[in-house]
Amino acid sequence: MTLQTLNTHVPARMKSLVFYKHATPAKITGGRVFAGKLGFRSLMVRACRGELDGIRRGKALKIVDLATLSNLCVDIVLNVPSLPPAQKEERQAYMEGLVASAPDKKYWEAGGNCNLVIAAARLGLCVITLGHVGDEVYGHFLLDVLQEEGINMVGLIEDSKASKNAAMYETLICWVLVDPSQRHGFCSIADFSDEPAFSWLNKLSGRVEMAIQQSKILFCNGYAFDELFPDLIVSALFCAIEAQSAVFFDPGPRGRTLFNGTAEQRRALERFLKLSDVLLLTSDEVNVVDTVGCGDSFTAAIAYGFLHDLPPISTLVLANAVGAATATGCGAGRNVATIAKVLELLRLSNINEDYEFWTELINIEPAIEEISFLSKTSVNGCSDRLILVPIQTVISQLVPKLESMDSNRTGVFHDREEQVMEST
C-alpha cells in the first residue's frame with residue numbers, strides 16, 4: 001500500500017486533511033485520480049481541494065481519543081471454492097445456504113469497526129465504540145473480545161431488555177469468504193434490505209451523545225448507512241461538531257451507492273464530505289478488494305498521528321506499517337496489528353520510489369502545490385514540487401515513541417479505562 005499527501009492550494013481556515021489509500025498506483029482518468037462516474041468523482045475532487053467547508057477543530061480536554069459510530073458485526077471467515085455470485089437473488093440464496101451451515105466458533109472473528117478500535121487501542125489510544133449488539137451468543141462474543149482489548153461499548157439503545165428476543169435486534173453477521181486465489185468476498189443481510197438494519201432506531205440516546213461529546217475524534221464510515229437512517233448519522237456529525245470533536249469519514253465502497261441513492265443519502269454524503277476534518281479515500285472507491293482489516297488498521301494510525309500532532313509524512317509511514325502488520329496475520333479482529341509487529345516492520349522498512357507516477361500526477365494537477373515523498377536518500381531535498389524526505393529520519397523518530405508507548409501501555413490503559421467507565 002502506498003500513500004502520499006497532496007497539498008492543494010486551500011485557504012488555511014478551510015483546510016481539511018485528505019488521505020488517499022490505494023493498494024496499487026492510482027489510475028489517472030480524465031485528469032483526475034478517481035475512477036467512475038463524473039458526478040461522484042467531481043464531488044470527491046471538490047472535497048479534496050478544500051472547496052467544501054471542513055475545518056480542523058481544536059481538541060478540547062476530553063477523556064476519549066476515538067469513538068466509532070455503528071458498524072459492529074461478527075465476521076465468519078470461511079474458505080470457499082468460489083466467491084458469491086453477483087446477481088442479488090443468487091447471492092441471497094448463497095447466503096441462506098451459509099446461514100444453514102451453522103459454522104463452528106473457531107471461524108468467528110470481531111469485524112467491522114472492531115478492527116479499527118482494536119488496532120487503535122493497541123497503538124495506545126483510549127477508544128470506545130458506539131453501536132448495537134444483540135443479547136445472544138454473537139453479541140456476547142463481540143463484547144468479550146472488546147473487553148479483552150480494553151474497549152468499552154456504548155449501546156445505541158437505552159433499554160437492552162426490550163429487545164432481548166426480537167430478531168431485528170440481533171447482532172449483525174458478515175460472511176467473509178476467501179477463494180483459492182485469496183480473493184475476499186463479503187455477504188450480509190444488509191445486502192438484501194431496502195431499509196437500514198436498525199430501522200427501529202430514530203434518535204441518538206443521551207449516553208451516545210455524551211460519549212461523542214467526550215471524544216476527541218468521531219469516526220464514521222459508509223457502512224454505517226447499512227444500519228442507520230441518514231438523518232440519525234448526520235445528527236451524530238452535528239453532535240461532534242458542536243462538541244468541537246474532530247470528524248473522520250471514510251465513505252469506502254458505499255460512497256458511490258450513497259451518491260446514487262436517495263435524496264437523504266446524497267445529502268448526508270455531501271454533509272460528511274463538507275464538514276469532516278479528515279477524509280480517508282481509496283483511489284477508486286468502487287469494487288475494491290482489500291486484505292481484511294488493513295484499511296481499518298491504517299485509519300487507526302491516522303487517528304494516532306492526528307492526536308499526537310505528527311507530521312503528515314510520519315503519520316503515513318506509521319499508517320502503512322500498521323496496515324502491513326495486519327496483512328501479515330490471518331483475518332482481522334483480534335488478528336490486527338500489534339506494536340511488536342509494527343516495530344519489526346518499521347525497522348525493516350523499504351520503499352518503492354515511483355518518481356514517474358507522482359511527477360505525472362503533479363503535471364496534470366496544477367492545483368497540487370507539492371507532494372511529500374519518502375526517499376531512500378539520506379538528506380532532505382526537492383525536485384520540482386516533489387519534497388524528498390529520508391525514510392530513515394522518519395523511522396528514527398517513530399520507533400522510540402512506539403517503544404516507550406508499548407512499555408507504558410498497561411498502567412495507563414487501566415487508569416483511562418476507569419475514567420471512561422465512570423463518565424459513560
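The values are calculated or read from the model by the stated rules, or taken from the named source; none is laboratory data. These figures come from a predicted structure and were not determined experimentally. A quick note on method: Cβ atoms are made from the backbone with ideal geometry, for glycine too, and the neighbour counts reach across all protein chains shown. Remember, those area values only see protein heavy atoms, side chains included, never the ligands or the DNA or RNA. Shrake-Rupley method; radii C 1.70, N 1.55, O 1.52, S 1.80 Å.
For the range 242-249, the criterion of being open to solvent by 50 Å² or more (accessible area, probe 1.4 Å), in contact (Cβ under 8 Å) with a residue 60 or more places away in the chain and at negative phi is satisfied by no residue at all. Of all residues in the range 256-280, those being in contact with a Pro (Cβ under 9 Å, 6 or more places away or on another chain) and open to solvent by less than 10 Å² (accessible area, probe 1.4 Å) number 7.
The helices (runs of 4 or more DSSP H) found wholly in the range 205-263 and carrying at least 1 residues that are over 20 Å from the mean Cα position of the chain (by Cα) occupy 206-213, 230-242. Selection of first residues in the range 252-275 that are without any contact (Cβ under 8 Å) to a residue 12 or more places away in the chain and of second residues that are buried (at least 16 other Cβ atoms within 10 Å of the Cβ), restricted to Cβ pairs under 7 Å at least 6 apart or on distinct chains, gives the following pairs, ordered by first then second residue: Arg266/Leu258; Arg266/Phe259. Residues in the range 81-106 that are open to solvent by 90 Å² or more (accessible area, probe 1.4 Å) and free of Cβ contacts under 8 Å to residues at least 60 places away in the same chain: Ala86, Gln87, Glu89, Glu90, Glu96, Lys105, Lys106. The residues of the range 291-338 that are within 15 Å of Ala121 (Cβ to Cβ), open to solvent by 10 Å² or more (accessible area, probe 1.4 Å) and assigned to a helix (DSSP H, G or I), listed by number, are Asp296, Leu307, Arg334, Asn335.
Scanning the range 65-80 for residues that are in a loop (DSSP other than H, G, I, E, B) and either open to solvent by 60 Å² or more (accessible area, probe 1.4 Å) or more than 24 Å from Pro180 (Cβ to Cβ) (or both) yields Ser70, Asn71. Every condition in (1) touching a residue at least 12 places away in the same chain (Cβ under 8 Å); (2) closer than 22 Å to Ala300 by Cβ holds for Gln147 except the one numbered (1). In the range 197-225, the residues that are under 12 Å from Gly155 (Cα atoms) and open to solvent by 10 Å² or more (accessible area, probe 1.4 Å) form Cβ pairs under 8 Å with partners that are polar (S, T, N, Q) and at pLDDT 95 or above, at six or more places apart or across chains, as follows: Leu204/Ser235.
Each row is one residue, and each column tells you yes or no for (1) modelled with pLDDT under 85; (2) within 23 Å of the chain's Cα centre (by Cα); (3) over 25 Å from Arg183 (Cβ atoms).
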| position | (1), (2), (3) |
| --- | --- |
| Gly329 | yes, yes, no |
| Leu345 | yes, yes, no |
| Asn352 | yes, no, no |
| Glu356 | yes, no, yes |
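The numbered conditions (1) basic (Lys, Arg); (2) within 17 Å of the chain's Cα centre (by Cα); (3) modelled with pLDDT under 90 are all true for Lys164 except (2).
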